Each structure stands twice: as C-alpha cells, then as structure tokens.
1. Which of the residues spanning segment 479-506 are of a type in the set (A, V, I, L, M) and surrounded by fewer than 21 Cβ atoms within 10 Å (Cβ to Cβ)?
2. Of I50, I86, which residue is closer than 21 Å to I159 by Cα and part of a helix (DSSP H, G or I)?
3. Among all residue pairs at least 6 apart or on different chains, which show Cβ distances below 6 Å where the first residue, located in segment 8-19, is within 18 Å of A184 (Cβ to Cβ) and the second is of a type in the set (V, I, T)?
4. Look through L72, L131, L111 and report the one residue that is under 30 Å from F273 (Cα atoms), at pLDDT below 90 and not acidic (D, E).
5. Just to verify a result, which residue in segment 484-506, among those that are among the polar types (S, T, N, Q) and without any contact (Cβ under 8 Å) to a residue 40 or more places away in the chain, is farthest from Y406 (Cα to Cα)?
6. Being of a type in the set (V, I, T), under 23 Å from the mean Cα position of the chain (by Cα) and on the phi < 0 side of the Ramachandran plot narrows it down to one of V462, V419, V432, V478, so name that one.
7. So L468 passes all but one of these: (1) of a type in the set (A, V, I, L, M); (2) farther than 30 Å from N285 by Cα; (3) in the same structural domain as D286 (by TED's automatic domain parsing). Which condition number does it fail?
8. Identify, please: which residue in segment 363-405 is buried (at least 19 other Cβ atoms within 10 Å of the Cβ), modelled with pLDDT under 90 and of a type in the set (F, W, Y) and is, among those, farthest from the chain's Cα centre (by Cα)?
Amino acid sequence: MVNMLKLLQEQQQTIISALGHHIFLSIISVSIAALIAIPLAILLMNHRRIGEIMLQVTGIVQTIPSLAILGLLIPFVGIGTVPAVIALVLYALMPIFQNTYAGLTQIDSELLEASEAFGLSWSYKLFKIRLPLALPLIFSGLRIAMVMVIGTATLAALIGGGGLGTFIMQGIQNNDNQQLLIGATLSALLAIIFSICLQALSHLSVKKLTVGLVTFLTLGIGLMGYQFYQTQQNNKIVIAGKLGSEPEILMNMYQELIQADHPEIEVELKPNFGNTSFLYRALQNDQVDVYPEFTGTVLQNLYPQKLKSHEPAEVYTQAKQVLQAKDGFTYLEPMAYENRYALAVDQETAKTYHLKTISDLAKVSSELSAAFDNDFYTQADGFGGLKQAYGLDLKDIKRVEPSLRYEALKNNQVQVTDVYTTDPQIKAQHLVVLTDDKQFFPPYQGAPLLNARVMQTHPEIVASLNKLAGKISAEDMVDMNYQVTIEHKKAHTVAKNYLKEKKLLP
C-alpha cells in the first residue's frame, strides 16, 4: 500500500490524464451506441421478424474477440482513439438494443389498444407511453453497456488508444503489482460510479435525456474531430514500441537523442503496443514514424524469408533490403546486443538432468513440462521449428502471457520456458539459459525502423539515432531491463542515465 501511494504521488498527472481519457472513451462510445441502438429499436418495434434478426446480429458481434476487431480496424482507421471507439461502440450495441427492444415490445397490449381508441398520434404514444414505460429496461441496458465498455476500454492501450489499460499492461509486463492495481482499481471504481450515476439519471424525463445525450454526443464528436485535425496538422514525430521494458527504454533513448540535437522537433511516445503486426500496420499508415524492431522478427514474422546466413551483419543486410523493397522503410544500423529467443530452466532442473544445451533437454524432454509465450509457440522460428530441429517431446505445454511464464517456473508448475536473452528475470531468478547448439534461432539485433514520411520531413534525425549503432551490450540491456522490471525504476530515467554515462548526451 505504501508503494502504491508513492506511485500515485509520483505519477499523479499521468494517472489523471489516463483516467480522463478512459472516461472520455467510455462515455463517447456508449453515447454513440445509444444513438444507434435506441432509434433502431424504435424503428423495428413493430417489425418483429427484422427485430429478431437484429438481436442475432448484435449478439454475434458480441462474440468476436475485441483484439480481432482492433486488428481489423487498423488498416482502415489506423491506431489510437478512433478504432478504440468503433470497437467499443460495437460491443455496447447489443445490451442497449436488446433491452430497448424488449422494453418497447413488452408493453401491455390493452394499454396500447386504449391509446389507439383515443386516437393518440404515433409520436405522443412513443414519447408519453412507450418510452417512459420502457425506460427502466433501457437504462438497465445502458448500465450493462457502460460497465462492459469501461472494462474493454483497457485494451485500447494495445493500439495507442491510452486510458487506464496503459497501467495494466505495464504492470503485467514489468511484474509491477502497484501499476496493475492502480489500473484495475480505477477501472472498477469507474464502472461502479457510472452504474450509480445512470441509475440516478433514469428518473429524468425522456425529453431531458434525449437533449442531454444529443448535446454530449455533439460535443464529443466535435472534440474527436478536433483532435484528429490537430494530429494531421502537427508535424511531430511519433515513436512507438511493443510491450515490455526494453522497447520503452529504447523509445526514450530515441526521444532524448532527437531532442538533444533538434529541440525544435516535437516527439510523442506511444508505448506498449501488444502485437508486432499492429505496430507495423501503424508504421505503414503513417500513424507511427519510428519504432525499434529486431532483424529476426523482420525475416521470420513480418516478411518470412529463408535466411541467407546466420551471421548477424548479413541477417541485418537482408532485413534492410526486404523492408526497403516492400514498403520503402529505412532500417538504421543495429545496436551491439542481440535479444534472441532461448530456452531456460532453473538451477535445480539443470543440475538434476545435467542440462547445458537444448540437445541435452531433448534427451529428457518427455519428463518435463513447459510454459511458452503464445508468440513463441506459434511462430515459425519458435517452438514448432525448434521441436523439429531438436526432436523435443515435452510432457505438457501451457501457453501463457509472457510475464506469467516466469511465475510458472518460479512456482515449479513447469520446468522449461522460453526467454528473451535480455530478460531481467534470468538474472533475478538465476536461470540457466540452454545453449542453442544447432544454431536454430536467427540473430535478433535491434535497430530503429523509420517510415518514408519521417525520412522526407525529418531526415536530420537519422544522425541522432545512429549514435546508438554498435552501442548497448547484452549486459547493459539486461541491467537496464532489471532496473525497470525488477527495481521498478522509470524507463525514462534509466534510458537517460545510460546515455549520459556513455557520453551520448551532454
């Protein structure tokens, strides 16, 4: 609790900003969904067959994984707030439409017959009889949608959409329970507060609610439009990175180097993208200008190629040529260290089974269980290829989030896991990294990847970023990752200290 309060104090402005953006995302999404779902339910209340079809359609949308929707939207609307809002609107449609439609179609038929007998107009019956009677169910749908959207909005952080999900993602990746609790607790509190507020609003008249909703929605859409316009007009450089401490450290180094040489250039950081393909699409769509990418990832994931060599320099050259030919991207000179895939075991397992290499592991693999990151399990340069190359036959394999595989190993739930060779947990848990004696894994050197737009508008940043070429040893990177992930230091501070220590900053 003391550490959590300290973090709240240190990052007060960041937390307030994330909270405000999360509230904005949630309210604007539910408002748009209500503006679509409620009129649609009114339109279909006397057309039961079509209404039932719409109930099925909105229900099907609800079953689509949110990450899949976000991934599908990126090529069309890019990253950030817009795709997040679209995805959240789709998720909010079902409960609002379902409850509104049920409320409007389950009104006592005798009451409706009496209104017909009195010759009341359609609009009078709608606003004075149907909607007031259906209001409790409509607000029940709004409350369900709001709670659902507040929870789902945490995933917006994976595509640079911001919000409280940023703290949750950082907490998971850096094994920082304080950040995780801040994100989760504030998200839960928001859901409770908005549920109570919607309950209070249910006592207002239909007319006041309609005017309030339309006014808020107009303001919200206007704000989104202004933000989008400002983004298009602003000539700033956007630097992004994948999940984890290492990409965040590198991003901060890029920012420091650029602004030290060119203080007039505005640089924006977008950390914690959850997927390589998400980030690369954003680079293609000019919504991200620079991000650190690894040579092996380019040739194994982005544009799968048969490696001409396992020599790091030749792999870099091949990756650079592919990126230039496919998308016109510039791939700068790599840093010294490599962040390869590897397999690791704890010291007791290594001693018991005499494990030093992956070939040693293959001989006893049928007796051991493993926990693998999902990417490692599915990629061509991951477990599938490794299994064939070494003849691995593990007893049991669990597919888990990256940070959880270390917990599984620590708790002796598994004996083997995949690691990146610069992961700080290797140092923290004193793990034994098994030698890839058949050289299955390709080299993974990190380097800044730049799109064509930033090369045209700010070619001067190349010289700044190239100051990292050939720098940062594996030991340096492990130590910096350790400071951020295990000691919970800020990535910005760690990055700046390294650059000053190496005299890359004044």
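The values are calculated or read from the model by the stated rules, or taken from the named source; none is laboratory data. It should be emphasised that the depicted structure is a prediction, and the values quoted were computed from it without experimental measurement. With ideal geometry, Cβ positions are generated from the backbone for all residues, glycine too; neighbour counts draw on all protein chains shown.
1. Filtering segment 479-506 for residues of a type in the set (A, V, I, L, M) gives 480, 484, 486, 491, 494-495, 499, 504-505.
If the condition is that a residue be of a type in the set (A, V, I, L, M) and surrounded by fewer than 21 Cβ atoms within 10 Å (Cβ to Cβ), then I486, L499, L504, L505 are the ones that fit.
2. Values: I50 fails: closer than 21 Å to I159 by Cα.
On inspection, the qualifying residue turns out to be I86.
3. A18/T166
4. Working: L131 fails: under 30 Å from F273 (Cα atoms); L111 fails: under 30 Å from F273 (Cα atoms).
Selected residue: L72, the only one of L72, L131, L111 that is under 30 Å from F273 (Cα atoms), at pLDDT below 90 and not acidic (D, E).
5. Filtering segment 484-506 down to residues among the polar types (S, T, N, Q) leaves 485, 493, 497.
The next check asks that each one be without any contact (Cβ under 8 Å) to a residue 40 or more places away in the chain; those that pass are 493, 497.
Numbers: T493: 26, N497: 28 Å.
The residue in question is N497.
6. V419
7. (2)
8. My answer is F383.
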